[in-house]
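The values are calculated or read from the model by the stated rules, or taken from the named source; none is laboratory data. Only a predicted model underlies this, so the values are computations on that prediction, with no experimental measurement involved. FYI the Cβ positions are ideal-geometry reconstructions off the backbone, even for glycines, and counts take in every protein chain you see.
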Amino acid sequence: MNFDCRFAAAVAIALVAGMFAPGTVFAQSAASDAATKSDAPMPQKGLATKAIEAAKSAASTASDILTRVPCLPAKGLKETPGALPHVAQRIAAGDPVTIVAFGSSTTVGYGTTSTAYTYPNRLADQLRRAFPTSDITIINRGMGGQDVPDMMKRFDAAVLDANPGLVIWQLGTNLVIKGSESEVAASAAMVEDGIARLQARGVDVVLIDPQYVPAVTAKEDNANSMVKLIGQVAKLKNVSVFPRFEIMRQWHQDEKLPFDKFVIGDGLHMNDWGYACFAQLLGDTIIASVGQVKAGINVPSNVMTFRPM
């Protein structure tokens, strides 16, 4: 790799990471331009300049995506118990925390324009801003096309071996689309088993139900069955649910957002805004749970008082 390529890559990475103050390189460039004669031909942009401009554009897009379309929490949802006492206590104490994002293609981030925009990466950025002195790691264990039976085959290696404090388990969508109602119902026992194994290790769990998108709502009976099943399992096992289906339904039906504002052209996967809002609302609840612990409110490990929104 030649010097220009190495320099371009280094500067682009540094800009996105915030290591260079915005405008540093451009200020130097402007000074050079001022010293150039007005009748001089416009120089062609080099690789370094193009890389800087691309990085600056990407950073700008990432920072204002929720400003352009507000991210609103769902209204009127039934207050189902739910909290994250173990991971909240560890963050509040400044202990290292590992969070595993477990799921299928929406955990991988299919539909985003950059890996920086996946929900696990967005969530990690939000939590690190909220708790700058905490050591928080989020591991993405998504695998496209899978659902509960496939996920359980890799449960030990993908989840338990990471020794997480919190597991965010996104499930159900592929069974809704490709499975029968009996297969949807049969997945409950497997989810219960996975949760029990996590709870035996003191791990908090958040279940994420399917997304409200055309490909899912086309299978209305399966979709409703899966959402109900996940709610029942969560109540039985005293774990939290992120009600993604209802939140996205409200985006579309109550807030009048067209599907193309938060779903890509395949009618199944979210776009950058959809993932960003999803991560923001989930992160808000984790932050609220930590605030509760810092306020000295004792939450027994088997009693949940917050529900992710």
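For the range 171-183, does any single residue satisfy the condition of being assigned by TED's automatic domain parsing to the domain that holds residue 86 and touching a Gly at 6+ places or on another chain (Cβ under 8 Å)? Yes, the range 171-183 contains a residue that is assigned by TED's automatic domain parsing to the domain that holds residue 86 and touching a Gly at 6+ places or on another chain (Cβ under 8 Å). Inside the range 163-187, residues that are assigned to a helix (DSSP H, G or I), of a type in the set (A, V, I, L, M, F, W, C) and buried (at least 16 other Cβ atoms within 10 Å of the Cβ) make up a count of 4. The residue that is modelled with the highest pLDDT, among those in the range 287-307 that are touching a Phe, Trp or Tyr at 6+ places or on another chain (Cβ under 9 Å) and under 21 Å from residue 244 (Cβ atoms), is 287. Restricted to the range 85-159, the set of helices (runs of 4 or more DSSP H) holding at least 3 residues that are farther than 18 Å from residue 284 by Cα comprises 105-108, 148-153, 155-158.
In the condition set (1) of a type in the set (Asp, Glu); (2) under 29 Å from residue 252 (Cα atoms); (3) touching a residue at least 12 places away in the same chain (Cβ under 8 Å), residue 193 is compliant with all but (2). Out of all the residues in the range 254-286, which are among the acidic types (Asp, Glu) and touching a residue at least 12 places away in the same chain (Cβ under 8 Å)? Scanning the range 254-286 gives 254, 255, 266, 272, 284. Restricting attention to the range 117-137, the residues being of a type in the set (A, V, I, L, M, F, W, C) and over 10 Å from the mean Cα position of the chain (by Cα) number 4.
Consider the range 107-145 and keep the residues that are among the β-branched types (Val, Ile, Thr) and touching a strand residue (DSSP E or B) at 6+ places or on another chain (Cβ under 6 Å). The one that is nearest to residue 89 (Cα to Cα) is 136.
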